[in-house]
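What follows is one structure encoded as structure tokens, with my remarks underneath.
The values are calculated or read from the model by the stated rules, or taken from the named source; none is laboratory data. These numbers were taken from a predicted model, which means no experiment stands behind them. Ideal geometry is used to build each Cβ from the backbone, glycine not excepted, and the neighbour counts take in all protein chains shown. In case anyone asks, the SASA skips ligands and DNA or RNA and just uses the protein heavy atoms, side chains included. Shrake-Rupley method; radii C 1.70, N 1.55, O 1.52, S 1.80 Å.
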Amino acid sequence: MKYKALITLFTLAAMAGSVQAAGNAAAGKAKSQVCFSCHGVNGNSTNPVWPKLAGQHGKYIAKQLADFKTNKRTEPLMIAQVMNLSDQDMADIGAFFAKQKASMGSADEKKLALGQRIYRGGNPASGVSACIACHGPTGIGNPGANFPLLSGQHTAYVVKALKDFRSGARANDQNQMMRAVAGKMTDAEIEAVASYVSGLH
């Protein structure tokens, strides 16, 4: 029954994706210049609280930029950057970063067992769904359903994202899927999963 529910959510999320302009990676490189100071020239940021954009699905990046612009997602540093971006600009920026190669991180050995268990099997006792259902066995996500790439992402950034979903500070997830999952996670589970995906590939 649990798997049928996950498939239903997966299908609904895929259907919920908005039609977006096709991105042009070459144009996106020029438009991404302002992004480089925080996210790196190739999208592999060096500050662990700023997400890596390299290899991320273009449509997902474009959605996040649009959400910052419309205040569906709040982050003071980002809101100022997106105000003058058009839908095409966002699509182009997404296309550029999608073509870059993500660098891999590594998992903390002390947190590996718990992180792997939650990622692959969830926590049936507390109702935490397995991350693998949407983000895949290697963390590549699902571009059709707009589920993001997690593989190689900074641990600190993933911890922040999950805690923001848990608290409701971030509420731009499709059908409240991430809030439903993160809302049942303990700090230890969040930190372990975040560490695990950093080295997942």
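Within segment 188-201, the set of residues being open to solvent by 60 Å² or more (accessible area, probe 1.4 Å) and assigned to a helix (DSSP H, G or I) comprises GLU191 only.
State whether the residues of segment 106-126 include one that is open to solvent by less than 40 Å² (accessible area, probe 1.4 Å), of a type in the set (Ser, Thr, Tyr) and touching a helix residue (DSSP H, G or I) at 6+ places or on another chain (Cβ under 8 Å). Checked segment 106-126: at least one residue is open to solvent by less than 40 Å² (accessible area, probe 1.4 Å), of a type in the set (Ser, Thr, Tyr) and touching a helix residue (DSSP H, G or I) at 6+ places or on another chain (Cβ under 8 Å). How do the pairs read when you match residues in segment 44-73 that are over 15 Å from GLY28 (Cβ atoms) with residues anywhere that are outside any loop (DSSP other than H, G, I, E, B) and modelled with pLDDT under 95, using Cβ under 7 Å and keeping only pairs 6 or more apart or on different chains? From segment 44-73, the pairs are PHE68/ILE79. If you check MET177, MET185 for being open to solvent by 20 Å² or more (accessible area, probe 1.4 Å), among the aliphatic types (A, V, I, L, M) and out of contact with any Asp or Glu (no Cβ under 7 Å at 6 or more places or on another chain), only one passes: MET177.
Somewhere in segment 150-159, is a residue more than 23 Å from ALA113 (Cβ to Cβ), open to solvent by 20 Å² or more (accessible area, probe 1.4 Å) and not aliphatic (A, V, I, L, M)? No, there is no match, as no residue in segment 150-159 is more than 23 Å from ALA113 (Cβ to Cβ), open to solvent by 20 Å² or more (accessible area, probe 1.4 Å) and not aliphatic (A, V, I, L, M).
Residues checked against (1) crowded, with 21+ Cβ neighbours inside 10 Å; (2) aromatic (Phe, Trp, Tyr); (3) more than 24 Å from LYS163 (Cα to Cα):
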{"position": "ASN47", "(1), (2), (3)": "no, no, no"}
{"position": "LEU65", "(1), (2), (3)": "yes, no, no"}
{"position": "PHE68", "(1), (2), (3)": "yes, yes, no"}
{"position": "GLY94", "(1), (2), (3)": "yes, no, yes"}
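Scanning segment 160-174 for residues that are among the acidic types (Asp, Glu) and surrounded by 21 or more Cβ atoms within 10 Å (Cβ to Cβ) yields a total of 0.
Each row is one residue, and each column tells you yes or no for (1) at positive phi; (2) hydroxyl-bearing (Ser, Thr, Tyr); (3) at pLDDT 95 or above; (4) not in a loop (DSSP other than H, G, I, E, B).
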{"position": "LEU85", "(1), (2), (3), (4)": "no, no, yes, no"}
{"position": "ASP89", "(1), (2), (3), (4)": "no, no, yes, yes"}
{"position": "ASP92", "(1), (2), (3), (4)": "no, no, yes, yes"}
{"position": "PHE97", "(1), (2), (3), (4)": "no, no, yes, yes"}
{"position": "ALA113", "(1), (2), (3), (4)": "no, no, yes, yes"}
{"position": "GLN116", "(1), (2), (3), (4)": "no, no, yes, yes"}
{"position": "GLY139", "(1), (2), (3), (4)": "yes, no, yes, no"}
